[in-house]
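S.K.: Here it is, the structure, as structure tokens.
Read-outs: derived from the displayed coordinates by stated rules, not from any lab. Computed from a predicted model, the values in this text were never measured in an experiment. Every residue, glycine as well, gets a Cβ built from its backbone with ideal geometry; the counts of neighbours run over all protein chains shown.
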Amino acid sequence: MNGRLSQMDIAIVKHTYTPTGGAEQELLRYVLPKAKSVTYISHPFRDARDVPLNTQISMFENGELRKEISAPLFRGPFPLMAMKDIIFTVWYLKKMRRRIHLYFGVDNLNAFSGIVLRRLGVVDRVVYYVIDYAPDRFRRPFMQSLYRRLDRWCCYDADAVWNVSAAMEDARKAHGFDSGRSAPQIEVPLGNWYDESPKTSPNGSDNGLIVFLGTLAREQGLNLVIEALPKIRKRIPNARLRVIGSGPEMEPLKSLAHEMRVADSVEFLGFIQDGAKAAALLAEGAVAVAPYLYGDNIFKRFADPGKVKLYLAAGLPVVISRVPPVAELIERSGAGIAVEPAVNEIGSALENLLLSPGKISAMRENALELGKKFDWIGIFDRAFGRTFECWVVQNN
């Protein structure tokens, strides 16, 4: 694998909300010591937080950063921003006058840019890397139709499709997708850097600390945990919640904690850019939560939540709603409890665990065992191996 990548010039093009995190950043970390060169282009979403609102380009050679460039700032409505990102990607990579052997387009807009570049002779192979997918993403019919058509076209015309969950392919089929016309679809789940992840203490399971990591958005369902906390604390007085992350629901959630009279038991730490620090704060917990809500436009119904893999790597038992596909695996592996996204079910599951240190200890071992299977090195080794195998078969 290393020998093959060592001859390659690679481009990774993504959109971002936050300065750090995301599968595309983990992909960059994986390929940097292996590839001949990597061009990393990050387009901010128009409502991105804590990042410059102009496109950033980082260029690496033999694993070393050689150049960083900031594009001119451009603001406008979503359609104009999308067109700007496509045009900029095509223009910039074409003017580099360097052949890109392997292009990763993270989302359909960036995959579209890669396919255009391949037709222009700039790119050899395009991988459409799908992190989030929801068949009913937009409320406006025109935007929804455009989204599905672009996703379908990228699947048909890319050289490979990396889906973070097999549920994505099933969701496409339900809306008329022809798998026979698609590029090879390969499941590439989200992962963790297992050996680097701080682990929970085997003796710390009675500390009552519930932890949450992620964007504070409505679909994350964190309000359910806060609403359940008063009842939990009646039986477990030291129960408290630590929230790592920021987002549009930060202030409403703080208000809810005051309304439920548990503000002193909920710790809002905001977004922590230092991943090692965030992981250490997680590992102080007794149990972790991932209470996603249902909804046709909720990505997690078809995606693979990254926070869960971090929980597992830390040895945290997970109380998770049955919304994302990984919930079934967690329950089947004895690494947590899967419930419906309702206050009483989440509260009962948390009480059950926090009152049973022995159960937490057993689930801790199961979580560590499961988390080890999602180490990024193994995930990307398998993904590249399967991708190259598919291309060899096609060429023959």
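S.K.: With +1 on each Lys and Arg Cβ and -1 on each Asp and Glu Cβ, how big is the dipole of the chain about its Cα centre, in debye rounded to the nearest 20? Could you put the intermediate results ahead of the total?
M.R.: Values: 51 positive and 44 negative charges, 195 e Å.
That gives a dipole near 940 debye.
S.K.: Any chance you could run the full-extension gain for ALA174 through ARG29? It's 0.36 nm times the residue separation minus the Cα-Cα distance, nm to one decimal. Kindly include the intermediate steps, with their values, before the conclusion.
M.R.: Numbers: separation 145, 0.36 × 145 = 52.20 nm, distance 3.50 nm.
The span from ALA174 to ARG29 would gain 48.7 nm if fully extended.
S.K.: If you average the C-alpha positions of the range 350-396 and of the range 31-77 separately, how far apart do those two centres end up, in angstrom?
M.R.: 29 Å
S.K.: Which value in nm describes the separation of the simple spin-label points at ARG149 and ALA362, placed 7 Å from the Cα toward the beta carbon?
M.R.: 5.5 nm
S.K.: Filter LYS34/LYS277; LYS14/LYS309; LYS67/LYS95; LYS254/LYS309 down to the pairs with a C-alpha to C-alpha distance above 18 Å, please.
M.R.: Values: LYS34/LYS277 27 Å; LYS14/LYS309 21 Å; LYS67/LYS95 15 Å; LYS254/LYS309 26 Å.
Those over the limit are LYS34/LYS277; LYS14/LYS309; LYS254/LYS309.
S.K.: If the elastic network links every pair of Cα atoms under 10 Å, which of GLN25, GLN185, GLN220 fluctuates the most in the Gaussian network model of the chain?
M.R.: Looking only at GLN25, GLN185, GLN220, the largest GNM fluctuation is found for GLN25.
S.K.: Among ILE87, ILE337, ILE346, determine the one that fluctuates most according to a GNM of the chain built with springs between C-alpha atoms less than 10 Å apart.
M.R.: Looking only at ILE87, ILE337, ILE346, the biggest GNM fluctuation is shown by ILE87.
S.K.: A follow-up question, please. Give me PHE142, PHE271 ranked fewest to most by other Cβ atoms within 10 Å of their Cβ, as a rough exposure proxy.
M.R.: Working: PHE142 8, PHE271 18.
Sorted ascending by nearby Cβ count, the order is PHE142, PHE271.
S.K.: Measuring from a point 7 Å past the Cα of ASN344 along Cα-to-C-beta, which residues in the range 231-252 have an amide N at less than 15 Å?
M.R.: 231-232
S.K.: Where the eigenvalues come from the Cα gyration tensor of the chain, what are the semi-axes √(5λ) of the equivalent ellipsoid, largest first, in whole Å? Walk me through the numbers on the way to the answer.
M.R.: Details: eigenvalues 282, 99, 85 Å².
Listed largest to smallest, the semi-axes of the chain are 38, 22, 21 Å.
S.K.: Would you please calculate the Kirkwood hydrodynamic radius of the range 194-372 over all C-alpha pairs and express it in Å, rounded to one decimal? Could the numbers behind the result be given before it?
M.R.: On the way: mean 1/r = 0.0633 Å⁻¹.
Answer for the range 194-372: a Kirkwood hydrodynamic radius of 15.8 Å.
S.K.: What list of ³J(HN,Hα) values in whole Hz, one per residue of the range 145-161 in order, does the Karplus curve 6.51 cos²θ - 1.76 cosθ + 1.60 (θ = phi - 60°) give from phi, with Gly and Pro shown as x?
M.R.: Per-residue couplings from phi come out as 5, 5, 4, 5, 5, 5, 4, 5, 5, 5, 4, 6, 10, 6, 8, 7, 10 Hz.
S.K.: Rounded to a whole number of µm²/s, how large is the Stokes-Einstein D of the range 104-229 at 37 °C and 0.692 mPa s, given Rh as the Kirkwood radius over C-alpha pairs?
M.R.: On the way: Rh = 17.5 Å.
For the chosen part, D equals 188 µm²/s.
S.K.: Starting from the 7 Å offset along Cα-to-Cβ, what nm value, one decimal, do you get for the label separation of ASP47 and ARG4?
M.R.: Reported label-point gap for ASP47 and ARG4 is 4.0 nm.
S.K.: What FRET efficiency comes out for the pair GLU64/ARG332, r = Cβ-Cβ distance, R0 = 45 Å, nearest 0.05?
M.R.: On the way: r = 44 Å, r/R0 = 0.97.
Using R0 = 45 Å, I get an efficiency of 0.55.
S.K.: Further, regarding this structure: What's the ranking of 171-183, 149-161 by average number of surrounding C-beta atoms within 10 Å, highest first? Numbers along the way, then the final one.
M.R.: Working: 171-183: 13.6, 149-161: 20.5.
Ranked by mean Cβ neighbours within 10 Å, highest first: 149-161, 171-183.
S.K.: Roughly how many nanometres apart are two label points built 7 Å out from the Cα toward the Cβ at ALA280 and LYS95?
M.R.: 4.3 nm
S.K.: Let me ask something else about it. Return the single residue from ALA71, ALA335, ALA217 with maximal mean-square fluctuation; model: Gaussian network over the chain, springs between Cα atoms under 10 Å.
M.R.: Largest GNM mean-square fluctuation: ALA71.
S.K.: Using all C-alpha to C-alpha distances in the range 223-304, build P(r) with 10 Å bins and read off the rounded percent in each one.
M.R.: Here the calculated profile for the range 223-304 is 15, 43, 36, 7.
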